[in-house]
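See below for the structure under consideration.
The values are calculated or read from the model by the stated rules, or taken from the named source; none is laboratory data. The model shown is predicted, which means the values in this text are computed figures rather than measured ones. So basically every Cβ, Gly included, is an ideal-geometry build from the backbone, and we count neighbours across all protein chains shown.
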Amino acid sequence: MDRLGSGRGRAAARLGAHARSHEDHFAAAVTRGFLGTATAAEIRAEGERVIAERPWPTGWEDWRPPPEWEALPLPEDWHVV
């Protein structure tokens with residue numbers, strides 16, 4: 001067992017394939033009634049949508065600062081670490 005949740009996780013990660021790491025926990029949450037089946041279906045659909053958009057979007061890809069923003073001046077000793 002590896003940190004991706006299955007013995008195949010390392011191979012899947014190495015090959016760039018997607019692996020669900022907490023599928024058993026998700027199924028248990030549905031079985032125990034913490035998540036309804038409709039909510040679980042929505043979560044799965046969103047997960048599949050995000051996986052299909054690899055590399056995974058963060059929402060910041062197209063962000064640019066407003067043009068009126070000016071660069072802040074660096075302190076005189078900026079190069080000293």
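Those helices (runs of 4 or more DSSP H) of segment 2-69 in which 1 or more residues are aliphatic (A, V, I, L, M), at pLDDT 85 or above and out of contact with any Lys or Arg (no Cβ under 9 Å at 6 or more places or on another chain) occupy 23-31, 37-52. For segment 42-66, the tally of residues that are within 24 Å of A27 (Cβ to Cβ) and of a type in the set (S, T, N, Q) stands at 0.
The residue pairs whose first member lies in segment 32-61 and is farther than 18 Å from S21 by Cβ, whose second member is of a type outside the set (G, A, S), and whose beta carbons are closer than 9 Å, counting only pairs six or more residues apart or on different chains, are G36/V30; T37/V30; T39/V30; P57/V50.
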